[in-house]
Amino acid sequence: MYSTAYRTGRVGALRATDVGTQVTLGGWVHRSRNLGGLVFIDLRDIDGIVQVAFGTDWAAASVLAMAAAVGVESVVLVEGTVVARSDSTKNPEMGTGDIEVHATAMRVLGPAVTPAIPVARGKGEKMAAEELRLRHRHLDLRRPELQANLVLRHRLMQTTRAYLSERGYLELETPVLTKPTPEGARDYLVPSRVHPGEFYALPQSPQIYKQLFMVSGFDRYFQIARCFRDEDLRADRQPEFTQIDIEASFVSQDDILALAEGLIVSLWREAGFDIPSVFPRMTYAAAMERYGCDRPDLRYGLEIVDYTDAFREVAFNISQAAIDAGGRVRGIIVPGGAVWSRKQVDEVEALAKDAGAGGLLRLRRLDGKLDGPLAKFVDGVGAFDALPDGALMLFVAGSDRVSNPALDRARQECARRLAIVRDDDRQFVIVTDFPMFERDPATGALAAVHHPFTAALAADVAAHPDHPERWRAQAYDVVLNGTELGGGSIRTHDPVTQSHMFDLLGIGDREEQERRFGFLLEALRSGAPPHGGVAFGFDRIAMLLSGAPSLRDVIAFPKTTAARALFEQAPTRVPAADLKDLHIRSDES
RNA sequence: GGGGGCGUAGCUCAGCUUGGUUAGAGCACUGGACUGUCACUCCAGAGGCCGCGGGUUCGAGCCCCGUCGCUCCCGCCA
């Protein structure tokens with residue numbers, strides 16, 4: 001299959017059944033061992049590594065000399081015979097370890113200077129620093145680990161295409177030069193040469209385009225789409241990233257979620273993991289109540305419990321003040337946490353404080369007795385009798401706005417300290433019924449939780465027409481182990497409702513709405529079907545399935561955390577004449 | 001925008017706490033020896049703007065200030 005003018009095939013698939021065959025192999029010199037009258041070269045291609053032996057019995061002295069002299073990472077062509085290794089010289093750690101190639105001829109097709117960073121590493125040897133790996137990406141990408149990641153990435157892409165195409169979804173492309181969006185993340189802007197002072201933007205997602213496809217009647221669309229956001233980076237965030245973008249017409253939320261589940265199952269199966277075909281559902285409200293977070297990690301319990309009623313009987317200033325102010329007292333029970341030292345609990349508290357809480361109220365039961373600053377206040381309150389021996393309770397008193405993030409952090413930290421999270425556990429959950437809007441605490445302005453095109457639950461709009469902050473959205477997230485894999489919504493397909501949404505979000509007057517989103521509103525007025533969709537972070541999925549610690553390990557040419565490309569040196573200054581053509585003046589240089 | 005970590009040979013790292021001869025090690029590299037290795041082994045050698053700039057000091061890899069780069073986190077990411 002891999003036979004070409006130069007070679008008979010790849011090296012990695014050679015096995016004992018190939019013994020006796022004459023082969024010509026091309027690849028990189030991974031490592032070599034020169035024993036004098038016998039030279040070994042480990043020859044590497046994307047499929048694997050094979051040992052090539054050069055011995056005086058079968059190779060000319062000149063061939064032996066060439067093998068001894070060639071440097072690592074050079075590209076060579078070797079011709080020889082596949083030979084079985086004797087039992088004592090087999091290498092069980094190599095896929096090709098039962099055989100070797102006795103080379104009779106060799107050519108150096110691409111001699112290599114000494115590599116700036118090592119490709120072959122011995123056991124326990126560290127990789128080069130990431131900065132160097134990015135600067136010499138062509139070498140780093142030779143590492144079998146990174147090659148395996150990109151091979152898996154390819155297979156996930158093909159699985160996605162097959163899964164969606166089989167279900168009638170059309171892979172349609174949308175522009176990369178598009179219109180700046182006032183909402184959301186900062187846009188990457190592209191100046192127009194022919195229209196002085198005007199700019200395109202790179203898409204943050206193909207959101208509006210895919211809705212236009214629905215309006216046009218392409219009722220099942222998908223795209224493996226590149227998206228761009230000019231925001232600060234993280235290990236799991238790149239300025240350009242890839243989404244599996246899906247939209248369909250005449251669908252309900254359940255239609256989309258069933259499709260999403262099926263896609264995730266097939267992707268995980270492609271990577272070798274069998275997972276349940278239906279994921280548990282949880283409302284946003286339940287997730288916040290039980291986990292303090294809209295993407296809960298369900299690999300462990302430590303659920304948040306409301307103790308407000310119990311604390312009504314407790315004459316303790318902090319809890320009383322919080323309850324009187326309309327807040328609640330909620331907490332988590334940490335089994336075995338009673339033995340933690342004061343310092344250890346302080347460290348958990350520091351994280352909760354960091355998340356905005358004033359502090360953690362502590363109570364523990366040790367040797368049957370309640371203990372801690374709260375103990376004498378809660379003595380005799382029945383609700384605390386249930387606290388099991390050896391357990392620690394951590395409470396946050398205050399508004400949910402404060403206690404949710406604080407308890408979320410405390411819960412995660414306690415789980416980590418208890419070492420109850422299994423890395424090989426996979427707990428999927430679909431979170432539904434997100435709120436439509438959230439209020440900016442500073443300005444009181446409404447902002448879309450998902451995006452401005454999301455449809456509200458009709459029942460909520462009918463019940464509370466004047467309280468949009470009480471509306472729930474037909475929006476959903478797919479979550480795995482506390483990480484968001486993707487999310488989506490049913491969209492607004494009525495132009496009047498959509499315009500009303502813009503009003504609520506404070507997006508200008510009608511005239512300005514027409515200027516910014518007129519093409520969408522016009523489309524919706526032209527006969528739009530009900531539609532909705534979902535988008536998954538493809539890089540993140542590839543990262544999870546390959547076990548890579550960073551997005552940079554599943555993207556061939558990633559940017560640094562300063563959004564710089566170290567290999568090709570982008571971004572870069574450009575000649576002044578180029579700027580002039582674009583009607584741009586820079587205040588640098 | 002803010003906070004933490006790192007920056008010494010091609011690579012990975014010691015040395016910095018407590019400033020003081022000629023800055024070390026392993027791997028890689030170069031030369032030599034070696035016919036069953038697979039991180040081959042052995043002998044020898046070469047290799048340094050201690051990120052950059054400034055300051056303190058008789059003297060700075062080491063202390064101070066600034067700056068650049070990489071990285072992790074907060075803000076940000078509809």
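The table below lists the values:
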{"read-out": "Region A:298-445: translational diffusion in µm²/s, Stokes-Einstein, Kirkwood Rh over Cα pairs, 20 °C, 1.002 mPa s", "value": "131 µm²/s"}
{"read-out": "Debye log10 I(q)/I(0) for region A:64-189, one point scatterer per Cα, at q = 0.11, 0.16 Å⁻¹", "value": "-0.74, -1.11"}
{"read-out": "Cleavage-rule hits, trypsin sites (Lys or Arg not before Pro), region A:349-400, DSSP coil, Cβ neighbours within 10 Å at most 16", "value": "none"}
{"read-out": "Rounded to the nearest 10 Å², the accessible area of residue A:94 at probe 1.4 Å", "value": "50 Å²"}
{"read-out": "Gyration tensor (alpha-carbon) shape descriptor, region A:435-589, a/c threshold 1.5", "value": "oblate"}
{"read-out": "Cα pair distances in region A:105-151, grouped into 5 Å bins until the bin that holds the longest one, percent each", "value": "5, 18, 25, 24, 15, 9, 4, 1"}
{"read-out": "Carbon + sulfur, % of accessible area of region A:300-418 - ligands and nucleic acids excluded, 1.4 Å", "value": "50 percent"}
{"read-out": "Candidate lysines - alpha carbon under 29 Å from residue A:369, same-chain residues fewer than 8 apart omitted", "value": "A:343, A:353"}
{"read-out": "Rg over Rh [alpha-carbon atoms, Kirkwood Rh] for region A:375-508", "value": "1.10"}
{"read-out": "Extension gain (nm, one decimal) between residue A:121 and residue A:138, 0.36 nm per residue minus Cα-Cα", "value": "4.5 nm"}
{"read-out": "Average projected area [Cα convex hull, region A:238-279], square nanometres", "value": "4.2 nm²"}
{"read-out": "Three principal axis lengths of region A:63-107 [C-alpha, angstrom, descending]", "value": "29, 20, 15"}
{"read-out": "Percentage relative contact order, chain A, counting C-alpha pairs under 8 Å, at least six apart", "value": "13 percent"}
{"read-out": "Packing-based order for A:567-575, A:378-386, A:426-434, A:473-481, using average beta carbon neighbours within 10 Å, highest first", "value": "A:473-481, A:426-434, A:378-386, A:567-575"}
{"read-out": "Ranked order, A:504, A:374 - accessible area, probe 1.4 Å, largest first", "value": "A:504, A:374"}
{"read-out": "Compactness of region A:282-353 - radius of gyration and Dmax, Cα, Å", "value": "14.1, 36"}
{"read-out": "DSSP-loop chymotrypsin sites (Phe, Trp or Tyr not before Pro) across region A:220-315, with at most 16 other Cβ within 10 angstrom", "value": "A:250, A:273"}
{"read-out": "Pairwise Cα inverse-distance average, inverted: Kirkwood Rh of region A:2-45 (Å)", "value": "11.8 Å"}
{"read-out": "Accessible area of chain A divided out per residue, in Å², using a probe of 1.4 angstrom", "value": "49 Å²"}
{"read-out": "Computed E for residue A:560/residue A:462 - FRET, C-beta separation, R0 51 angstrom, nearest 0.05", "value": "0.50"}
{"read-out": "Three-way shape call for region A:503-589 based on the alpha-carbon gyration tensor, with the a/c threshold at 1.5", "value": "oblate"}
{"read-out": "Computed helical MRE - 222 nm, chain A, DSSP H runs ≥ 4 contributing -39500 (n - 2.57), nearest 500", "value": "-8500 deg cm²/dmol"}
{"read-out": "Kirkwood hydrodynamic radius over Cα pairs of region A:33-74, then Stokes diffusion coefficient at 37 °C and 0.692 mPa s, in µm²/s", "value": "307 µm²/s"}
{"read-out": "Percent carbon-and-sulfur accessible area, region A:16-110, ignoring ligands, DNA and RNA, probe 1.4 Å", "value": "55 percent"}
{"read-out": "Whole-Å semi-axes of chain A's equivalent ellipsoid (Cα gyration tensor)", "value": "53, 36, 23"}
{"read-out": "Helix A:207-216 axis, angle to chain A major axis (alpha carbon atoms, nearest 10°)", "value": "90 degrees"}
{"read-out": "Residue A:519-residue A:401 FRET efficiency (beta carbon distance; Förster radius 30 Å; 0.05 resolution)", "value": "0.20"}
{"read-out": "Alpha carbon convex hull of region A:151-218, volume per residue in cubic angstrom", "value": "139 Å³"}
{"read-out": "Calculated SAXS-style log₁₀ I(q)/I(0) at q = 0.20 Å⁻¹ - region A:1-124, Debye, Cα scatterers", "value": "-1.17"}
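The values are calculated or read from the model by the stated rules, or taken from the named source; none is laboratory data. Fair warning: this is a prediction, and the values are worked out from it, not measured in the lab. Cβ coordinates were reconstructed from backbone atoms using ideal geometry, including for glycine residues, and neighbour counts include every protein chain displayed. To get the accessible areas, we keep the full protein, side chains included, count just its heavy atoms, and leave off ligands, DNA and RNA. Shrake-Rupley method; radii C 1.70, N 1.55, O 1.52, S 1.80 Å.
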